[in-house]
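Report on one structure; see the data block that follows.
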Amino acid sequence: MAAEREMGEPQVFDAMRLEVFRVITMGIAGFDAPVAQNSMEEAAAALSSLAFLYRLYETPLSRKDKALFASTVKVLNNGIRYLRTNRDFNSFDRMAFITRFGNPSSALIYRSARLLGMAPLSFRRPLRSDAETLFESEAFDPDYYTASMDARSTKEKVALGKRLFYDPVLSGNGKRSCATCHDPSKAFTDGLPKSPTISGNRFVRRNTPTVLNAGLQSALFYDNRATYLEDQATDVISNKDEMHGSLPDAVERLKRDANYSSLFKAAFPGPGEPVSDYHLRNAIGSYIRSLTSLNSPFDKYVRGDKSQLTAGEVRGFNLYMGKAKCGTCHFAPLFNGNVPPDFTETETEVIGVPLSASSGKIDTDKGKYDLRKLELYRDAFRTPTVRNIALTAPYMHNGIYKTLEEVLDFYNKGGGSGLGISLANQTLPFDHLQLSPREQKDIIAFLKKLSDTSAVGR
Ligand code: HEC
Ligand code: HEC
């Protein structure tokens, strides 16, 4: 495994593909050069060095498949030319670039490596090294985000975890399950700004996020306070407002249940007591990791099915990745804060969400700062995914916006600063985005094509 991480030829081919992924997710989105807007030139330079490297393999590749070598060079060169002739940041057609040049070049470089007899790299990472493009439905490996080898998912763990997710047995009063707030019919949210506490006389601290694709993050919760889904379950079950349960009590109850005992035994056949605190958390974590699904109309379109999006929706994607800057925080293709192309760091940002939709005051929830008093963390919240966003209203950590139109209006004005809130450390660009009503409509139309709830029925 260590040897695999060294720089050999398979790693060179892999690095070329990662560079393509970087260009299509960050480069053309203006992540590196948000002000100068010379992103297209930089992206062209990155692809040129890649093409140079690829051409070094001309002899061995042409010997095996002349046509493959020639078409790879051609696609790379055409991509570079496209970037050089369409330099205007706002009007650049990202969708055309990705589908005509980005995806074909990563797939052709992949095939070239196989042709030269190189196997895909075998060490585990979030983005599977055998995914031809960044947009394959199985491109990501949620098991990467587990603490150890034995935490990885199996069919039996997922089945047990699913049952536990829907079972009120975990809560202190036996009346609440995970699904009370994470309701599968609402893409695992509850439609409320904030859920009532278990005692019913107050509300929990934050809006309920979806758990669809929640496994594809390197940190969890709005303040990134948990690293692994296994830790997240402890937090929720023992939280006196959410479930007011105790894991040791839940474990005792489950041990007395013959049905659960046998499910635990099947899921954890190793030595030791099958019904344990850790096994319970690992089963629920495995179930959530199984709720990964990247087959929205958008995904199908980038894979080549042009019938999936209208011209307006494609314009919406281009604005999202360009003029509106959304893609510099909600990164494609997961559309969350998990940074490509490594996907090992989930970012928090300061955008300045106010206390209420009509208020010019910042929320009293300070996000990450409430955990660690560093100025940098004041009002910093994890960038959530916008996959399934059409189904998970209301929005933001405090659930203040009821519609995507309100969210777009917030961004168009420049976030919290634009609303007159004084924020020293806002990471969202301050400038008015100047999106026309039609542009805002197009972005929303695109966001609505990020829905895929097929994992609910699993
Ligand atoms: C009372 C409603 C409620 C119940 C019950 C509940 N959750 Fe949550 N869940 C929330 C809220 C609110 C958050 C966000 C909290 C935060 O970010 O501080 C959350 C966050 C999460 C997250 C993190 C998602 C992300 O993207 O960071 C996961 C995973 C999760 N819950 C799973 C579960 C599981 C599993 C259970 C059952 C053991 C459960 N929840 C029970 C309300 C609830
Ligand atoms: C500087 C980084 C950044 C940029 C740029 C950005 N976002 Fe966000 N977005 C965030 C963060 C952080 C949150 C969570 C904030 C909170 O809850 O306080 C968020 C929340 C959201 C939500 C609510 C998600 C939910 O589940 O409640 C939507 C929708 C959204 N953003 C869409 C967009 C769109 C559309 C754009 C482009 C117009 C955009 N974002 C640009 C960082 C960013």
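Derivation of every value follows stated rules applied to the coordinates shown; laboratory data play no part. Predicted, not measured: the structure shown is a model, and the values here were computed from it. Here the Cβ positions follow ideal geometry from the backbone for every residue, glycine too, while neighbour counts run over all protein chains shown.
Each Cα pair under 8 Å and six or more residues apart adds its sequence gap; the mean of these over the residue count of the chain is a relative contact order of 17 percent.
Helix 229-238 axis versus longest C-alpha principal axis of the chain: approximately 30°, rounded to the nearest ten. Coupling constants for the range 433-450 follow from the phi torsions by the Karplus curve (6.51 cos²θ - 1.76 cosθ + 1.60, θ = phi - 60°), and in residue order they are 6, 6, 8, 6, x, 5, 5, 5, 4, 5, 4, 5, 4, 5, 4, 5, 8, 9 Hz; glycine and proline get x. In this calculation the C-beta distance from Leu56 to Thr310 is compared with R0 = 35 Å, giving a FRET efficiency of 0.25. Here the spin labels are modelled as points 7 Å beyond Cα on the Cα-Cβ line, and at Ser358 and Leu115 they lie 6.5 nm apart.
Straight-line reach from Lys175: which lysines fall under 18 Å, measuring Cα to Cα and dropping same-chain residues less than 8 apart? Within reach: Lys162, Lys240. Per residue, the convex hull spanned by the Cα atoms of the chain measures out at 154 cubic angstrom. Working note: 222 nm ellipticity from helices only, DSSP H runs with n ≥ 4, each -39,500 (n - 2.57), summed and divided by the residues of the chain, gives -11500 deg cm²/dmol to the nearest 500. Kindly flag which residue pairs out of Lys186/Lys323; Lys155/Lys449; Lys325/Lys448; Lys155/Lys186 have an alpha-carbon separation exceeding 20 Å in this structure. As for pairs spanning more than 20 Å Cα to Cα, those are Lys186/Lys323; Lys155/Lys449; Lys155/Lys186. For the chain, the residue among Ala96, Phe165, Ser218 whose Cα projects farthest onto the positive side of the dipole built from Cβ charges is Ala96. The calculated FRET efficiency for the pair Ser422 and Ser49, based on their C-beta separation and a Förster distance of 35 Å, comes to about 0.20.
The Lys402 and Arg202 beta-carbon pair, evaluated with R₀ = 22 Å, returns a calculated FRET efficiency of approximately 0.55.
State, as an integer percentage, the relative contact order of the range 143-290 based on alpha-carbon contacts under 8 Å between residues 6 or more apart. Walk me through the intermediate numbers first.
Numbers: 230 pairs, mean separation 47.7, N = 148.
Rounded, it is 32 percent for the range 143-290.
Amide H to amide H distances under 5 Å link Arg382 with Asp223, Asn224, Glu349, where only residues 5 or more positions off or on other chains count and H is placed in the peptide plane. Neighbour counting of Cβ atoms within 10 Å sorts the residues Met26, Met118, Met149, Met243, fewest neighbours leading, into Met149, Met118, Met26, Met243. Between the amide H of Asp183 and those of Phe188, Thr189, Asp190, distances stay under 5 Å, these residues lying 5 or more places away or on another chain, with hydrogens modeled in the peptide plane. With Cα atoms defining each centre, the range 376-407 and the range 80-110 are spaced 30 Å apart in the structure. Using 19 Å as the cut-off for backbone N distance, which residues of the range 318-359 belong to the label zone defined by a point 7 Å from the Cα of Asp88 along Cα→Cβ? Residues 318-325 qualify, since their backbone N sits under 19 Å from the label point.
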